[in-house]
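The structure appears right after this line, and notes come after that.
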Amino acid sequence: MVSDTIFALSSGMPPAAIGVVRVSGPAAGTALRALAGRLPEPRHASLAALKGTDGAPLDNALILWFPGPATATGEDLAELHLHGGRAVVAAVEAALGAMPGVRPAVAGEFTRRAFDNGRIDLAEAEGLADLLAAETESQRVQALGMASGHVSRAVADWQDRLLNLMAGAEAELNFADEDDVEVGDAVARRLIAGMGALSGELGEWLARPAAEVIAEGLSVVIAGPPNAGKSTLINALAQRELAIVSPVAGTTRDVIETPLALDGIAMRFSDTAGIRGEGADEIEAIGIDRARAAVEGADILLWLGPPKEAPEHPRCIAIAAQADRWSGDAAAEAGAAHCDLILSAATGEGMDKLHRYIVDMARTLLPREGEAALRQRQRAALAEARDWLMIERGSREASDLILLAERLRLAATALDRITGRAGVEEMLDALFGRFCIGK
C-alpha cells in the first residue's frame, strides 16, 4: 500500500565500500529517529551511531533527511549511508523491518511512487528504466535524454499549442456573439493551419529511428554464397570461435547471432547459411530460407560474394573476402574492383576499414545529437495524435468547428498517454517491474 513506508538497499550488493539504504513514506522520519536518536538538518549529511530497538549498536553511518514533498519520491525520505558489509546491511534492514508500518520495497516501487506523486512522468520513468539497463554509450545518451525530460518537454509544448487551438474552437462555438471573439471561416482556417503545422512536426519525430533500435542493437547480417568466409568473419568480429569454419559447403545451417558494440553502438551480428540455388539438402534449404529472411530484416548487410549477386538492400557493404587466398586473377574473379573493400578476416587486412564502414553507416540510423528517439508505445500514441490533426482542405470536416474541436480533443488525449496522464494503467506494473528493488 502507498501508505506503507518502504525501504531497500539502493546501492550495489554487498560487500562494498558503502551501502545506501533508502527509506520512503510517512514513517521515514520516525524510523530514522528510532535508529539514530534524532533527525538531522534537512538535506545535510550527519554522522550518527545507529542502534537497534534493543539498544545494540548497528553501525556508525552518515544519515540524511529529506522532508517531502520535494523529494525523489514526493514523500518523506531518509537515507542511511552504511559500511557496506553484508552483516551491517542485513542488521539495519532487519531493524527497519521490525518497525510498525515499515516494510521492504518491491522492484521499482520507489520510482512508481515518484510517478504517482507527480515527481516524474511516464516518459521520464521509461527513460530511467532504459538508463539502468544501458550497456553502451549510445544507449546511455539516449536513455539519459529521455530520463531528463527531453520528450516530456516536447509533449508539453505540443499540448500547450493544442490547448490554444482548442480554446479558439470553444470560443467560436460558445461565445461567437462577443465582440472580441474571432468568428466564421477565419477561425476554421486558423485551426486547420495550426493543426497542419503540428501534425507535420509530429511526423518529423515519427521519422526518427525508434528507441528499440538503440536498446536492442542494430541488426548487421553477414550473407553470401557457401564458403565465402562468413563464419570466419563473424569469429574475427566477435574475437572468439562463435561459428564452425569448414571448407564443406553448407556447414552453417542456421542463423548464428552475437551481440557486439562498435564505438559505443549496440549491434547484433548474424552469420547465415550460404545462399545458393541448387545442391542444398532439405535441412540446408531451411537455413537458406532463414538467411534470406535475415537479409530482408537487416539494418546493415555485409555481402561476401559477387557484387552482381548481392540482394537489393538500402545499406549493403559489398566485401571481397578471403583476400589471403587469392592468387593470379582471383581478385578479378571475386569482383574486388566493384566491392566496397577488400578483406581477409584471417590476416586482419581490411578489418579496420570494415569497422569504420559499419559505424559510419550505423550512425545514419541513429538519432542525431540532441534528438530523442521514441519507444514503440510512445510512437503509437504520437502517430494517433498526428492522424487526428490531419485534415484535408475543402473537406466537410474542415468547415465544421464541432468536428475540428473533437479532433483536437482526441489528439490531446493521445499525447496524454505519452506522459502517463491517461489510459496507461494496464502497463504501469510491467514498466516498474523492470527496476531493481532499491529503485
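A Cβ distance below 7 Å, combined with a sequence gap of six or more or placement on separate chains, defines the contacts here; from segment 197-214, residues that are within 28 Å of R268 (Cα to Cα) reach residues that are assigned to a helix (DSSP H, G or I) and open to solvent by less than 30 Å² (accessible area, probe 1.4 Å) in the pairs W205/L382; L206/L382; L206/A383; A211/Q142; I214/S138; I214/Q139; I214/Q142. Which ones in segment 290-310 are under 23 Å from E216 (Cβ atoms) and part of a loop (DSSP other than H, G, I, E, B)? Within segment 290-310, G297, A298, D299 qualify.
A single member of P209, P247, P226, P259 is over 19 Å from R368 (Cβ atoms), modelled with pLDDT of 80 or more and assigned to a loop (DSSP other than H, G, I, E, B), and it is P226.
Among the residues of segment 150-166, those that are open to solvent by 30 Å² or more (accessible area, probe 1.4 Å) and either hydrophobic (A, V, I, L, M, F, W, C) or more than 26 Å from A197 (Cβ to Cβ) (or both) comprise A156, L163, M166.
Filter segment 378-415 down to the residues that are within 30 Å of L144 (Cβ to Cβ) and either touching an Asp or Glu at 6+ places or on another chain (Cβ under 6 Å) or free of Cβ contacts under 8 Å to residues at least 60 places away in the same chain (or both) and list them by number. A380, A381, E384, T413, A414, listed by residue number. Among the residues making up segment 187-218, those that are farther than 30 Å from L162 by Cα and either open to solvent by 50 Å² or more (accessible area, probe 1.4 Å) or in contact with a helix residue (DSSP H, G or I) (Cβ under 8 Å, 6 or more places away or on another chain) (or both) are I214, A215, E216, L218. Taken over segment 387-439, the criterion of being among the hydrophobic types (A, V, I, L, M, F, W, C), open to solvent by 20 Å² or more (accessible area, probe 1.4 Å), more than 30 Å from M13 (Cα to Cα) and modelled with pLDDT under 75 is satisfied by A422 alone.
Filtered by the rule that a residue be touching a helix residue (DSSP H, G or I) at 6+ places or on another chain (Cβ under 6 Å) and not acidic (D, E), segment 346-365 gives A346, T347. When segment 48-75 is filtered for residues that are of a type in the set (D, E) and closer than 23 Å to A125 by Cβ, only E75 remains.
The values are calculated or read from the model by the stated rules, or taken from the named source; none is laboratory data. Note that the structure is predicted; figures quoted are calculated from it, not measured. Reconstructed Cβ throughout: ideal geometry from the backbone, glycine too, with neighbour counts over all protein chains shown. Surface areas here come from the heavy atoms of the whole protein model, side chains and all, with no ligands, DNA or RNA. Shrake-Rupley method; radii C 1.70, N 1.55, O 1.52, S 1.80 Å.
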